[in-house]
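Novice: Supplied in structure tokens, the structure appears directly below.
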Amino acid sequence: MERTLISQTPEKIGENVSLSGWINVRRDHGKLIFLDLRDRTGIVQVVILPDKKEAYQKAKTIKNEFVVNIFGKVKERPSGQSKEGESTNKLEIEVEELEIISATEDDFPFEISAKELKLNAQTLFDNRNLSLRNRKINDIFRLYSVLLDSYGRAMRADDFLEIKSPKILSSATEGGANFFKIKYFDREACLAQSPQFYKQAGVSFFERVFEIGKNYRNE
């Protein structure tokens, strides 16, 4: 069966779906096991009943951040159990089959599913591959992507031409000491401090130019 994204599940109530993602939180209530499944589009609650013996036994071994595939039916949550917020808070997936794709072996240095990670910068960046899984930090990058896309579309709508200027230069273009020197084959070069010089040159033949680029400043 073709994979369904979590954001698509509200449109599939009463249907069987195949979902894949990370386990955000696992809750064992004795007879019932609940999993919060996370993919790139959102989070949905998954419930495993004891009569699904194989899936139930696998769910007993699952920890946070396991990667799984599940096959089950999309159902509306019982009255009074739905929550405000995401559209998936009003439904749950009743599991028929569960497959563990990847298991976590070590404990994490922090709780990835926390609403806010209060970490010092060293811990945050030393574990960047984990901290980026946190919902709040992940959303920062999604917002950044939306801003870049919106800015680019606004500029193109006003007839600006997007350019990509060189980032390795033979010498610093803006003076000062805040530039990065690098070795370029057998020569010394610098990383571009900004694209401004090239944008000014581009105006002379394109009239309107813009660049969403990188500035390399040794600060």
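The values are calculated or read from the model by the stated rules, or taken from the named source; none is laboratory data. A quick note: this is a predicted structure, and the numbers were derived from the prediction, not measured. A quick note on method: Cβ atoms are made from the backbone with ideal geometry, for glycine too, and the neighbour counts reach across all protein chains shown.
Novice: In region 60-75, how many residues are more than 18 Å from Ala103 (Cα to Cα) and of a type in the set (S, T, N, Q)?
Specialist: Total satisfying the criteria: 0.
Novice: Determine the pairs where a residue that is over 13 Å from Leu169 (Cβ atoms), located within region 190-211, has a partner that is among the charged types (D, E, K, R) and not in a helix (DSSP H, G or I) with Cβ atoms under 7 Å apart, the partner being 6 or more residues away or on another chain.
Specialist: Lys199/Glu211; Arg208/Asp159; Phe210/Glu162; Glu211/Glu162; Glu211/Lys164
Novice: If you don't mind, another one. Filter region 172-202 for residues that are assigned to a helix (DSSP H, G or I) and in contact with a strand residue (DSSP E or B) (Cβ under 6 Å, 6 or more places away or on another chain); which is nearest to Tyr216 (Cα to Cα)?
Specialist: The selected residue is Lys199.
Novice: Of the numbered conditions (1) of a type in the set (S, T, N, Q); (2) assigned to a helix (DSSP H, G or I); (3) out of contact with any helix residue (DSSP H, G or I) (no Cβ under 8 Å at 6 or more places or on another chain), Ser7 fails exactly one; give the number of that condition.
Specialist: (3)
Novice: Go through the residues of region 62-69 one by one and say whether even a single one is crowded, with 17+ Cβ neighbours inside 10 Å, at pLDDT 90 or above and either aromatic (Phe, Trp, Tyr) or more than 22 Å from Ser7 (Cα to Cα) (or both).
Specialist: Yes; the residues of region 62-69 include at least one that is crowded, with 17+ Cβ neighbours inside 10 Å, at pLDDT 90 or above and either aromatic (Phe, Trp, Tyr) or more than 22 Å from Ser7 (Cα to Cα) (or both).
Novice: Turning to a different aspect of this structure: Can you pull out the residues in region 193-202 that are small (Gly, Ala, Ser) and at pLDDT 90 or above?
Specialist: Listed by number, the residues that qualify are Ala201, Gly202.
Novice: Can I ask one more? If you go through region 119-133, how many residues are surrounded by fewer than 10 Cβ atoms within 10 Å (Cβ to Cβ) and either more than 27 Å from Val44 (Cβ to Cβ) or touching a helix residue (DSSP H, G or I) at 6+ places or on another chain (Cβ under 9 Å) (or both)?
Specialist: 3
Novice: Name the pairs whose Cβ atoms lie under 6 Å apart, with the first residue in region 125-145 and within 19 Å of Leu37 (Cα to Cα) and not assigned by TED's automatic domain parsing to the domain that holds Asn24, the second surrounded by 11 or more Cβ atoms within 10 Å (Cβ to Cβ) and small (Gly, Ala, Ser), and 6 or more positions between them or separate chains?
Specialist: From residues that are within 19 Å of Leu37 (Cα to Cα) and not assigned by TED's automatic domain parsing to the domain that holds Asn24, the pairs are Ile137/Ser131.
Novice: Additional query: When only residues in region 98-144 that are in a helix (DSSP H, G or I) and aromatic (Phe, Trp, Tyr) count, which is farthest from the chain's Cα centre (by Cα)?
Specialist: So, considering only residues that are in a helix (DSSP H, G or I) and aromatic (Phe, Trp, Tyr), the one farthest from the chain's Cα centre (by Cα) is Phe125.
Novice: Consider Val17 carefully, then state whether it is part of a strand (DSSP E or B), over 20 Å from Arg135 (Cα atoms), more than 24 Å from the chain's Cα centre (by Cα) and in the same structural domain as Leu91 (by TED's automatic domain parsing).
Specialist: Values: part of a strand (DSSP E or B): yes; over 20 Å from Arg135 (Cα atoms): yes; more than 24 Å from the chain's Cα centre (by Cα): no; in the same structural domain as Leu91 (by TED's automatic domain parsing): yes.
Against the criterion (part of a strand (DSSP E or B), over 20 Å from Arg135 (Cα atoms), more than 24 Å from the chain's Cα centre (by Cα) and in the same structural domain as Leu91 (by TED's automatic domain parsing)), Val17 does not qualify.
Novice: Follow-up. Out of (1) closer than 28 Å to Glu11 by Cα; (2) within 21 Å of the chain's Cα centre (by Cα); (3) at pLDDT 90 or above; (4) among the β-branched types (Val, Ile, Thr), what's the single condition that is false for Thr88?
Specialist: (3)
Novice: Would you be able to say whether some residue in region 40-48 is without any contact (Cβ under 8 Å) to a residue 40 or more places away in the chain and not assigned by TED's automatic domain parsing to the domain that holds Lys115? Full working, then the answer.
Specialist: First, the residues of region 40-48 that are without any contact (Cβ under 8 Å) to a residue 40 or more places away in the chain: 40-41.
If we keep only those that are not assigned by TED's automatic domain parsing to the domain that holds Lys115 as well, we get 40-41.
Yes, some residue in region 40-48 is without any contact (Cβ under 8 Å) to a residue 40 or more places away in the chain and not assigned by TED's automatic domain parsing to the domain that holds Lys115.
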